[in-house]
1. Could you work out the percent of alpha carbon pairs in the stretch 247-384 separated by over 27 Å, rounded to a whole number?
2. Using a 1.4 angstrom probe and counting only protein chains, how large is the accessible area of F31 in Å², to 10?
3. Starting from 0 in steps of 10 Å, tell me what percent of the Cα-Cα pairs of the chain lands in each bin.
4. Each residue of the stretch 190-196 in order: what ³J(HN,Hα) in whole Hz does its phi give by Karplus 6.51 cos²θ - 1.76 cosθ + 1.60, θ = phi - 60°, with x for Gly and Pro?
5. Once Lys and Arg get +1 and Asp and Glu get -1 on their Cβ, which of G49, L110, I87 lies farthest toward the positive end of the dipole of the stretch 13-122?
6. Along its principal axes, what span do the Cα atoms of the stretch 145-250 show, with the longest given first and each in whole Å?
7. Using only the Cα atoms of the stretch 178-316, what semi-axes does the equivalent ellipsoid have when each is the square root of 5 times a gyration tensor eigenvalue? Give whole Å, largest first.
8. Over all alpha-carbon pairs in the stretch 1-112, figure out the percentage whose distance exceeds 22 Å.
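The values are calculated or read from the model by the stated rules, or taken from the named source; none is laboratory data. What you see is a predicted model; the values in this text were computed from it and never measured. Cβ coordinates were reconstructed from backbone atoms using ideal geometry, including for glycine residues, and neighbour counts include every protein chain displayed. Surface areas here come from the heavy atoms of the whole protein model, side chains and all, with no ligands, DNA or RNA. Shrake-Rupley method; radii C 1.70, N 1.55, O 1.52, S 1.80 Å.
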Amino acid sequence: MDFELSEEQVAIRDEVRRFAENEIEPVATEFDVEEKYPYDVVEKAAEMGLTGANIPMEYGGAGYSALDVAIISEELFAVDPGIALSIVAASFGADAIMGFGTEDQKERFLPPVAEGDAIMGSAISEPDTGSDVSSVSTSAEKDGDEWVLNGNKMWITNGSVGDFFVVIAETDPDVEDRYSGFSQFVVESDRDGFKADKITGKLGVRGSDTAEIILDDVRIPEENLIGSRGMGFLQLMQFFDETRTMVAAQAVGIAKGASEAALEYAQEREQFGRSISEFQAIQHKLADMYSKTEAARQLTYKSAWAVDEDRDDLTMLASMAKEYASRIAVEVANEAVQIHGGSGYVNDFPVERFYRDAKITQIYEGTSEIQKNIVARELLGKGF
């Protein structure tokens, strides 16, 4: 088994870390406190190919593998999760178009995102529907050669800044199979009846935009239907295997950033005439933090490898990685604050931000409880 990264992957990792330290770190607190979207930083990231990292080169992207993208996410989130999410989520939903869209859809929607000229998102959750995707109530009715969408979407990343969204809606409410009545569409935000209300007061990732989207008789053309009618739920489940792997990578990045900050602080902070890193209690904390982070990293990298290899065990690995890495991010960030003591309770140091930001990785793209259900389901050989 070869655990070594390729020379290209090491170069990508180092370059992304330099970018994060030079462009993100100096403004991280500002965007967190003011809860504003980092347009300028995202634009600079686009110039490096980071907003279209997973988009094929023929559509203007970098064409990186899932493992490459996981490495990129880890390095960005190790510096500031809020701005990092704004960067990696600029193409959120692109997997659906890449995997199931027409050539026309790929040519229309992918290059602008990859080149930094557009921001997209994926609209799944609703005010009363989160983990149970098959209960979405947003409807799409056929009217001639158009679809008419009505409903509300909640907690949508890039909701008030995005140019277009991949929206899942119910198209066939009368089908007996509860998983076959949904379809996915590309919905542009400048269409009549589309409204977005920015959500503020979030616990973490405050530099990333989140909004409620209201669809009121929004008309879109037939050509905005992604793939086949009625296949939206199954498309989404495949999409989740990849996105959950990337959330795991985000969590690894948070754990890494918190661990590094704690190690640095422990070596600089003195109590009772010596560095607190000399106390065994602190040493044990640091040893646990780094060990847990490395374990989460290896599980996440294996899941990313499974994405690239199209492995049959991907669904289980993705849920394992997402649940475990997110749990470790929360635990490690908590210990980082503890090592900082009172200094970790204010935003003079990044650990209080890591502590707040870590929690979202246990919630979005399926809660930790859902991930455990999926792992158990796969072990027992059961379906949805």
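1. Working: 2654 of 9453 pairs.
Of all Cα-Cα distances in the stretch 247-384, 28 percent exceed 27 Å.
2. Accessible area of F31: about 30 Å².
3. For the chain, the binned pair fractions read 5, 24, 33, 24, 10, 3, 1, 0 percent.
4. Rounded to whole hertz, the list is 8, 7, 4, x, 8, 9, 10.
5. L110
6. That works out to 40, 34, 22 Å along the principal axes.
7. Numbers: eigenvalues 394, 106, 17 Å².
Equivalent ellipsoid semi-axes, largest first: 44, 23, 9 Å.
8. Details: 2178 of 6216 pairs.
That tail contains 35 percent of the Cα-Cα pairs.
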